[in-house]
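To start, the structure itself, in structure tokens.
What follows is calculated from the coordinates using simple rules that are stated; it is not laboratory data. Computed from a predicted structure; not experimentally measured. When we count neighbours, we look across all protein chains shown, and the Cβ atoms used for this are built from the backbone with ideal geometry, even at glycine.
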Amino acid sequence: MSEKDELMYKCIRCGRDTSYKELEMRGGRIKCSHCGYRVLQKKRPPIVRRIKTD
């Protein structure tokens, strides 16, 4: 599985998640599959960063 298959996007209007794979199946257009809005935000992976403080 490639990195692009794991990418997730969140619709700004309805808040639902859409995978990159689902966007590719719809012709590669950036468009929410639920409400049709064309502004999607790429979700970041949950990475925990630890910073040392003295």
Fill in the blank from the handout: Among residues of the chain being small (Gly, Ala, Ser) and part of a loop (DSSP other than H, G, I, E, B), the residue surrounded by the most Cβ atoms within 10 Å (Cβ to Cβ) is 33
Exercise for the section: Considering (1) among the hydroxyl-bearing types (Ser, Thr, Tyr); (2) out of contact with any helix residue (DSSP H, G or I) (no Cβ under 9 Å at 6 or more places or on another chain); (3) free of Cβ contacts under 8 Å to residues at least 24 places away in the same chain, say which one residue 37 fails and leave the rest. Expected result: (3)
